[in-house]
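Visitor: Dropping the structure in here first, questions after.
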Amino acid sequence: MVKSRTKEFDAESISHHYDVSNDFYQLFLCENMLYTCAYYRDPEGDLVQAQQDKMDLVCRKLRLSPGEEYLDIGCGWGSLAIWAAKHYGVTATGVTLSREQAEWGQAWVKREGLEDRCQIHHMDYRDLPEGQTFSKISAVGIIEHIGIDNYPFYFTWVRNRLRQGGLFFNHGITHNKHWKRTSQWDFVTRHVFPNGELDSITHIMDVMERQNWEILDVENLRLHYARTCHQWYENLEKKAERAKEIVGERLYRIYRVWLVCSAEAFYSGSLGLYQVLLQKHEITRKHLPPGTREDIYKTFLLENE
């Protein structure tokens with residue numbers, strides 16, 4: 001169990017990790033600046049393409065369409081919000097607790113000429129204007145920082161910010177149901193993610209249903225994250241000397257150990273990565289969800305024909 005979940009503690013914890021240095025993260029993240037699980041259509045594929053395919057997968061699962069208002073909670077450097085605005089025509093809002101990420105994302109939006117359709121804010125998602133609602137919401141790599149005790153508040157907050165029939169995409173790391181605290185996890189919470197807390201997918205979905213969500217789709221991308229961490233590690237090793245110049249020997253070694261251990265944990269199955277698509281529960285014919293996954297993967301398949 002981590003410390004009490006105040007906004008100040010969450011801000012300090014995120015700053016501890018993400019405000020290390022944008023230059024440092026550029027060394028091992030690909031040009032897409034995504035710090036979450038990639039999606040490898042080609043099992044041996046490269047990280048750049050896999051991260052672009054992940055963003056497309058998220059957008060397709062949310063069935064984003066032009067004119068919709070879309071929120072990305074914990075948007076990082078703004079990658080997904082920018083991608084959605086640029087390729088799916090939505091009006092996108094991204095929020096992050098990292099000042100360095102927000103400044104990077106804001107500059108990126110300007111370079112893309114998307115100021116009228118994409119905004120990146122340095123703020124807590126809980127501080128969004130009262131009454132502001134969205135057609136679709138995503139949270140990629142955020143559930144790990146919410147705190148298990150805060151799940152009911154969190155899922156209720158997201159539900160209240162969605163319009164009727166709206167979709168919510170939750171993408172996050174889990175541990176298996178029989179997980180026990182280890183020295184590896186103590187290392188992570190002490191040196192990497194001070195506010196990190198993992199849960200089993202079964203309990204997470206139980207809370208989702210208790211907060212009156214309808215679960216439309218669940219997909220396990222555990223092995224995709226194993227390869228992602230492995231490729232991050234390889235990238236970091238290739239630029240080890242530059243990494244040490246930017247953040248020092250100690251922090252370089254912390255990230256090196258963390259990435260290796262994470263890759264192994266995903267390969268072994270002690271960690272999982274689940275994407276869960278939810279709908280704001282409303283039984284009407286208007287908002288009945290499609291009955292298959294075919295529309296999600298259709299473009300991927302057409303590209304290979």
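The numbers here are math on the coordinates, done by the rules we state, and not lab data. This structure is a prediction, so every number in the text was calculated from the model and none was measured. All Cβ positions, glycine included, derive from the backbone under ideal geometry; neighbour counts span all protein chains shown.
Visitor: Report the antiparallel proportion of the DSSP beta bridges in the chain as a percent, rounded to a multiple of 5. Don't jump to the answer; show the numbers that get you there.
Guide: Values: 16 of 36 bridges.
Bridges in the chain are about 45 percent antiparallel.
Visitor: How long is the gain from Arg111 to Asp23 if the chain were fully straight, where each residue apart is worth 0.36 nm and the alpha carbon distance is subtracted? Please list the in-between numbers first.
Guide: Numbers: separation 88, 0.36 × 88 = 31.68 nm, distance 1.81 nm.
Separation in residues times 0.36 nm, less the Cα-Cα distance, equals 29.9 nm.
Visitor: Roughly how tilted is helix 7-18, in degrees to the nearest 10 and between 0 and 90, from the longest Cα axis of the chain?
Guide: 60 degrees
Visitor: Using every pair of alpha-carbon atoms in the stretch 129-173, split the distances into 5 Å bins beginning at 0 and state the percent of pairs per bin, rounded to integers.
Guide: Answer for the stretch 129-173: a P(r) of 5, 22, 28, 26, 16, 3 percent.
Visitor: Kindly put Arg190, Arg161 in sequence by how many other C-beta atoms sit within 10 Å of each C-beta, fewest to most.
Guide: Details: Arg190 10, Arg161 19.
The most exposed by this proxy come first: Arg190, Arg161.
Visitor: How are the alpha carbon pair distances in the stretch 82-155 distributed across 5 Å bins from zero to the largest one, expressed in percent?
Guide: 3, 14, 22, 25, 21, 10, 4, 1, 0
Visitor: Amide H of Leu271: which non-local residues (sequence gap of 5 or more, or other chain) have their own amide H closer than 5 Å, using H built in the peptide plane?
Guide: When sequence neighbours closer than 5 places are left aside, the close amide H contacts are Phe266.
Visitor: Angle check, please: helix 47-61 long axis (alpha carbons) against the longest principal axis of the chain (alpha carbons), in degrees 0 to 90, nearest 10.
Guide: Tilt relative to the chain: about 20 degrees.
Visitor: Report the FRET efficiency, 1/(1 + (r/R0)^6), for Asp124 and Asp42, where r is their Cβ-Cβ distance and R0 is 30 Å, rounded to 0.05.
Guide: 0.20
Visitor: Apply 1/(1 + (r/R0)^6) to the Cβ-Cβ distance of Phe153 and Ile215, taking R0 = 22 Å, and write down the FRET efficiency to the nearest 0.05.
Guide: Numbers: r = 19 Å, r/R0 = 0.87.
Step by step, r from the Cβ atoms, then E = 0.70.
Visitor: Check each of the trypsin sites (Lys or Arg not before Pro) in the stretch 61-157 and keep only those in coil by DSSP with at most 11 other C-beta atoms within 10 angstrom; list them in order. Spell out each step's value before the answer.
Guide: Working: sites: Lys61, Arg63, Lys86, Arg99, Lys110, Arg111, Arg117, Arg126, Lys136; in loops: Arg63, Arg117.
Of the trypsin sites (Lys or Arg not before Pro), not one in the loops of the stretch 61-157 has a Cβ with at most 11 other Cβ atoms within 10 Å.
Visitor: Mind pulling the angle between the C-alpha long axis of helix 201-210 and the longest principal axis of the chain? Nearest 10 degrees, somewhere in 0 to 90.
Guide: Value to nearest ten degrees: 30.
Visitor: Go ahead and estimate [θ] at 222 nm for the chain from helices alone: -39,500 (n - 2.57) per DSSP H run with n ≥ 4, summed, over the residue count, rounded to 500. Walk me through the numbers on the way to the answer.
Guide: Working: 11 runs with 143 residues, N = 305.
So the calculated ellipticity at 222 nm is -15000 deg cm²/dmol.
Visitor: Which loop GluC sites (Glu not before Pro) in the stretch 40-146, with loop taken from DSSP, have no more than 15 other Cβ atoms within 10 angstrom of their Cβ?
Guide: Numbers: sites: Glu44, Glu68, Glu69, Glu100, Glu103, Glu112, Glu115, Glu130, Glu144; in loops: Glu44, Glu68, Glu115, Glu130.
Taking the stretch 40-146 and a limit of 15 other Cβ atoms within 10 Å, the loop GluC sites (Glu not before Pro) found are Glu44, Glu115, Glu130.
Visitor: On to the next question. If I histogram all Cα-Cα distances within the stretch 23-178 using bins 10 Å wide from 0, what percent of pairs lands in each bin?
Guide: 11, 40, 37, 11, 1
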